[in-house]
Amino acid sequence: MKTKSPIVDPRIIRLDLEKSASFNHLGDMEVWGTYEVFHQKKRGDQHIHAGVVHAPDPEMALVFAKEQYGRRLKCANLWVVKTSDIYSIGYENEDMFETVPEKIYREAGGYKLREKISQYKKSITSVNIKERETL
Amino acid sequence: MNAVKDLILKMADDSLIIGHRSSEWTGLGPILEEDIAFSSMAQDKIGHALALYGILHEQFGELEADQLAFNRKESKFRCCHFAELPIGEYDFSLMRHFLFDHAEAIRYEMLSSSSFAPLAQLARKIKGEIKYHVLHANSWILRLGRGTEESRHRMQSSLNFCMPYALGIFEKNEAESDLITEGIFAGEEHLRILWEEQIWKQIDQAGLQFPNVPEKKVHMGGRSGRHTVHLHMLLEELSQVFRMEQGVEW
């Protein structure tokens, strides 16, 4: 089952049907932590955050994530990451993301490429129509 | 051809009844994630039953799936006693899920190369679902078997209780030899050997003891229509809505 990952890829392929040798022992009245689930629709696509599951260890998180997030949508692959392993910028620093309006040239929309493209498309179709009329 | 029909009917009835039993946990599961997983697997089982009844309908001219599921006398059912037992506590339901689904997985694996094409096709189609069911069961048995003193004890006593019923899965049909010679299905005995081998590994890994069951203690009869008292009540409930107004379009 286990596919060998290249050395540069630090991800751990956890779900091993044959062995499942490493796991956390369940304790009395244990409160499980949460895992963030990332869903990939088809091979090559980005993994997109789908939600959260409670689980005692990564394997069980994958077992639960499969039914929680993999059963309705088309799914090629799932990742789970311990919630506590996610690092985040707090909302109190949200102002860092604000852009000064004058710097619109930094946004892709500022190039007005779309207009040029639609103009070009129009010219092409009008040429085609003329060509057809002459035939 | 009767032997194939018997095989398909008992598989379909097992799936329907155990699927219904599993669905009784919906909303009552130990945690939300597990509740969803268990309910989803219950739906899978009902789906397998539907597909199998469909084969009986299309290939052998039997009645449609709804009629077979909701409008048949108890004595016409061919499910094993193991599937009929009430859900009990979660340790029992998990252990039943583990023992039953391993047998089912091996059965479909065997059938994937069956000379009877509709069964081979179905076996290939539902391979992924069954793989997940077994993974889910193994994950729990391992963790609870090697969990706390209480969880280990509960898993062991459930295993001891389940085993005489689980062995009833492999009750043979009269004309089974036809299936073997025609390359349709390699037989219950063969299935049981593979099953024991496979679950032994998991049970051992979970730190549990494999119970020794004398053959005369095995719960037989389901395959010839003799059932536990539990099936009657289950069927009453299962077909309640259907019987209220027959022939209604949903």
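The values are calculated or read from the model by the stated rules, or taken from the named source; none is laboratory data. No experiment lies behind these values; they were computed from the predicted model shown. Note that each Cβ is placed from the backbone with ideal geometry, even for glycine, and that neighbours are counted across all protein chains shown.
Has the range B:45-57 got any residue that is over 18 Å from the mean Cα position of the chain (by Cα) and not aliphatic (A, V, I, L, M)? Yes, the range B:45-57 contains a residue that is over 18 Å from the mean Cα position of the chain (by Cα) and not aliphatic (A, V, I, L, M). Which of the helices (runs of 4 or more DSSP H) contained wholly in the range B:76-162 include at least 3 residues that are within 30 Å of A:ALA55 (Cβ to Cβ) and either at pLDDT 95 or above or touching an Asp or Glu at 6+ places or on another chain (Cβ under 9 Å) (or both)? Helices (runs of 4 or more DSSP H) meeting the threshold: B:90-111, B:127-145. Candidates B:LEU231, B:LEU191, B:LEU159, B:LEU179: the one that is within 26 Å of B:ARG107 (Cα to Cα) and in contact with a Lys or Arg (Cβ under 8 Å, 6 or more places away or on another chain) is B:LEU191. B:ILE55: closer than 30 Å to B:GLU89 by Cβ and of a type in the set (A, V, I, L, M, F, W, C), yes or no? Here the answer is no, as B:ILE55 does not meet what is asked. Can you tell me which residues in the range A:56-69 are within 7 Å of chain B (Cβ to nearest Cβ) and aliphatic (A, V, I, L, M)? Scanning the range A:56-69 gives A:MET60, A:VAL63. Of the residues A:VAL52, A:VAL81, the single one that is under 18 Å from A:LEU15 (Cβ atoms) and in the same structural domain as A:HIS39 (by TED's automatic domain parsing) is A:VAL81. Listed by first and then second residue, the pairs linking a residue in the range B:136-149 that is more than 9 Å from every other protein chain (Cβ to nearest Cβ) and at positive phi to a residue that is among the polar types (S, T, N, Q) and assigned to a loop (DSSP other than H, G, I, E, B), with Cβ atoms under 6 Å apart and 6 or more places separating them unless they lie on different chains, form an empty list. Would you check which residues across the range B:205-250 are in contact with a helix residue (DSSP H, G or I) (Cβ under 6 Å, 6 or more places away or on another chain), within 12 Å of B:CYS79 (Cβ to Cβ) and charged (D, E, K, R) and list them? Once the filter is applied, which keeps residues that are in contact with a helix residue (DSSP H, G or I) (Cβ under 6 Å, 6 or more places away or on another chain), within 12 Å of B:CYS79 (Cβ to Cβ) and charged (D, E, K, R), the range B:205-250 yields only B:ARG223.
Rundown of residues vs (1) within 14 Å of chain A (Cβ to nearest Cβ); (2) closer than 20 Å to A:VAL52 by Cα; (3) free of Cβ contacts under 8 Å to residues at least 12 places away in the same chain; (4) crowded, with 20+ Cβ neighbours inside 10 Å, yes/no style:
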{"site": "B:LEU28", "(1), (2), (3), (4)": "no, no, yes, no"}
{"site": "B:PHE38", "(1), (2), (3), (4)": "yes, yes, no, yes"}
{"site": "B:GLN43", "(1), (2), (3), (4)": "yes, no, no, no"}
{"site": "B:LEU63", "(1), (2), (3), (4)": "no, no, yes, no"}
{"site": "B:ALA69", "(1), (2), (3), (4)": "no, no, no, yes"}
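Residues that are more than 20 Å from B:TRP200 (Cβ to Cβ), touching a helix residue (DSSP H, G or I) at 6+ places or on another chain (Cβ under 7 Å) and surrounded by fewer than 20 Cβ atoms within 10 Å (Cβ to Cβ) within the range B:128-152 comprise B:GLU129, B:SER151, listed in sequence order. Every listed requirement among (1) of a type in the set (A, V, I, L, M); (2) within 24 Å of B:THR228 (Cβ to Cβ); (3) part of a helix (DSSP H, G or I) is met by B:ILE36 save one, (2).
Checking A:ARG72, A:ARG106 one by one, the residue that is more than 14 Å from chain B (Cβ to nearest Cβ) and either exposed (fewer than 14 other Cβ atoms within 10 Å of the Cβ) or small (Gly, Ala, Ser) (or both) is A:ARG106 and no other. What about A:VAL37, is it in contact with a strand residue (DSSP E or B) (Cβ under 8 Å, 6 or more places away or on another chain), modelled with pLDDT of 80 or more, within 11 Å of chain B (Cβ to nearest Cβ) and closer than 22 Å to B:ALA37 by Cα? Here the answer is yes, as A:VAL37 does meet what is asked. Scanning the range B:169-181 for residues that are surrounded by fewer than 20 Cβ atoms within 10 Å (Cβ to Cβ) and either under 23 Å from B:ASN212 (Cα atoms) or of a type in the set (Val, Ile, Thr) (or both) yields a total of 4. Looking at B:HIS190, is it at pLDDT 95 or above and assigned to a helix (DSSP H, G or I)? Spelling it out, B:HIS190 is indeed at pLDDT 95 or above and assigned to a helix (DSSP H, G or I). The residues on offer are B:LYS125, B:LYS201, and the sole one that is at negative phi and either within 14 Å of chain A (Cβ to nearest Cβ) or surrounded by 18 or more Cβ atoms within 10 Å (Cβ to Cβ) (or both) is B:LYS201.
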